[in-house]
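Let me begin by presenting the structure, written as structure tokens, before commenting on it.
The values are calculated or read from the model by the stated rules, or taken from the named source; none is laboratory data. Not measured: the values here are computed from a predicted model. Cβ atoms come from the backbone with ideal geometry, glycine included; neighbour counts cover every protein chain shown. Please note that ligands, DNA and RNA were not included when accessible areas were found on the heavy atoms of the full protein model with its side chains. Shrake-Rupley method; radii C 1.70, N 1.55, O 1.52, S 1.80 Å.
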Amino acid sequence: MKTILALALIASIAGPALAATWTASSSFTASAAMGVAAFDEDRVIVAGGNNGVGPVVWKSSDGGKTFATKPHDSALMFMAAAADTGDKLTGNVAGFMGSQFSNNTGEAFFKALLGSGGPCQSVEAVHGTKGQVMLTGQTIFWNGVGISSDGGAHFTTHEIWTNNSPFGARYGAAPSPKVMYATGGSWPSNNAENALPEEFHAVSARFGMHPRTGELRMGAGKTNYTQYTGAIAKSEDGGKTWTTQFKVQGVNEYYFNGIDCYDETHCVAVAEADSGTGAGSRIFQTTNGKDWKQVVFTAGAAHSLMGVRFASATEVWAVGGELDSNFEGAFFHSTDGGATFTNEPVKGIYATSISMASATKGFVTTMTQMQTSGIAIYE
């Protein structure tokens, strides 16, 4: 009886288990970490690069406590990562010179043999199958997607919009081998005083990346356009043909960044603008696979959202930041499938991509005010 009472007393003192939170990690720093993808709660890969070193792929096998660099073929900087949670073997990274694949859970990466192009800042494992990969971008040769059925060794490319279109393909989601979505858009070059140097690739209107050195720099991404364009497109034949479901265009509109889907009809996408009356960050949701509804608008040019991930059918995270003197990460959290969100900010970081290993473990890549990179971990 005394033992039972003692255990009960200890339990009452300890209280309930603490909820998971996002915390910036002190175990990882880099010049540029742009893409993150988790095979499971322990194994995660990060794509990017280091100034003076070149492109780098890092891997952790202990849930983000430590990271080691992994070998890869020659490349320019990497900007995106994918991990196949189905076969837990296929990993992919993509960047300025096309994509590379791994068939051993991210231990080594090899250049795609056919069809991969660059620059691409989105690569996704296709859900509901093993070894199928979706690459999204507006490259030198195509403006749309590349689809691989052999883990990323070979790609067949398909256009969503024409290559001279102001609707540049940006990010993709593949909830099944047949149904896929892609976001697109661009922004006006209207901030000459804060413009990026010519040699930087504009990742967004907010910042850019040097393709050789990996240097990240906050600044206005240069384009050839005078207004915002934003679009969401859908394919129902495995990426071969596409229908634009949602489109905006104008000086007071916005462009889209990340998109993710729980299934073929339930998806969430994020958008942003840094000028005009529509300046701010936005979250959109569809529950029928065709009608998109804006569910969050945070007004103000400093507000940005870059990535979004489902952790379950009901739990969604949309991440970015507030890029002003306040400088804090935006972590919008939904527990009703993306119908409503609550921001859980983290000071001192700007979240640029996200991967959720489970409802209780996740990873984001981050930028600091010093324009270096790190990761934050949800646990």
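Can you find even one residue in the stretch 63-71 that is at positive phi, open to solvent by less than 30 Å² (accessible area, probe 1.4 Å) and in a loop (DSSP other than H, G, I, E, B)? Talk me through it step by step, then tell me what you get.
First, pick out the residues of the stretch 63-71 that are at positive phi: 63-64.
Of the ones still in play, those that are also open to solvent by less than 30 Å² (accessible area, probe 1.4 Å) are 63-64.
Narrowing the set further to residues that are in a loop (DSSP other than H, G, I, E, B) leaves 63-64.
The answer is yes; a qualifying residue exists.
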For residues in the stretch 344-379 being surrounded by 17 or more Cβ atoms within 10 Å (Cβ to Cβ) and among the polar types (S, T, N, Q), which is nearest to Ala38 (Cα to Cα)?
Ser355
Considering the stretch 82-112, residues that are charged (D, E, K, R) and over 18 Å from Val36 (Cβ atoms), and then whichever is modelled with the lowest pLDDT, we arrive at Asp87
Looking at the stretch 323-340, can you tell me whether even one residue there is in contact (Cβ under 8 Å) with a residue 60 or more places away in the chain, open to solvent by 20 Å² or more (accessible area, probe 1.4 Å) and among the hydrophobic types (A, V, I, L, M, F, W, C)?
yes
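Look through Ala313, Ala318, Ala330 and report the one residue that is over 16 Å from Tyr181 (Cα atoms) and out of contact with any strand residue (DSSP E or B) (no Cβ under 9 Å at 6 or more places or on another chain). First the steps, then the outcome.
Values: Ala318 fails: out of contact with any strand residue (DSSP E or B) (no Cβ under 9 Å at 6 or more places or on another chain); Ala330 fails: out of contact with any strand residue (DSSP E or B) (no Cβ under 9 Å at 6 or more places or on another chain).
Sole residue among the options that is over 16 Å from Tyr181 (Cα atoms) and out of contact with any strand residue (DSSP E or B) (no Cβ under 9 Å at 6 or more places or on another chain): Ala313.
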Among what's in the stretch 116-138 and is of a type in the set (Ser, Thr, Tyr) and assigned to a loop (DSSP other than H, G, I, E, B), pick the residue that is surrounded by the fewest Cβ atoms within 10 Å (Cβ to Cβ).
Thr129
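When you go through Phe96, Phe141, Phe101 one by one, which is the residue that is within 24 Å of Thr352 (Cα to Cα), surrounded by fewer than 24 Cβ atoms within 10 Å (Cβ to Cβ) and not hydroxyl-bearing (Ser, Thr, Tyr)?
Details: Phe141 fails: within 24 Å of Thr352 (Cα to Cα); Phe101 fails: surrounded by fewer than 24 Cβ atoms within 10 Å (Cβ to Cβ).
Every option except Phe96 fails the conditions.
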Which numbered condition in (1) buried (at least 20 other Cβ atoms within 10 Å of the Cβ); (2) touching a strand residue (DSSP E or B) at 6+ places or on another chain (Cβ under 6 Å); (3) over 23 Å from Ile259 (Cβ atoms) is the only one that Leu113 fails?
(1)
When both residues are 6+ apart or on different chains and their Cβ atoms are under 9 Å apart, which pairs have a first residue that lies in the stretch 163-179 and is within 15 Å of Gly117 (Cα to Cα) and among the basic types (Lys, Arg), and a second that is part of a strand (DSSP E or B) and open to solvent by 20 Å² or more (accessible area, probe 1.4 Å)?
Arg170/Gln138
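Residues to consider are Gly307, Gly300; find the one that is buried (at least 22 other Cβ atoms within 10 Å of the Cβ) and out of contact with any Phe, Trp or Tyr (no Cβ under 7 Å at 6 or more places or on another chain). Don't jump to the end; show me each part of the working.
On the way: Gly300 fails: buried (at least 22 other Cβ atoms within 10 Å of the Cβ).
Exactly one of Gly307, Gly300 is buried (at least 22 other Cβ atoms within 10 Å of the Cβ) and out of contact with any Phe, Trp or Tyr (no Cβ under 7 Å at 6 or more places or on another chain), namely Gly307.
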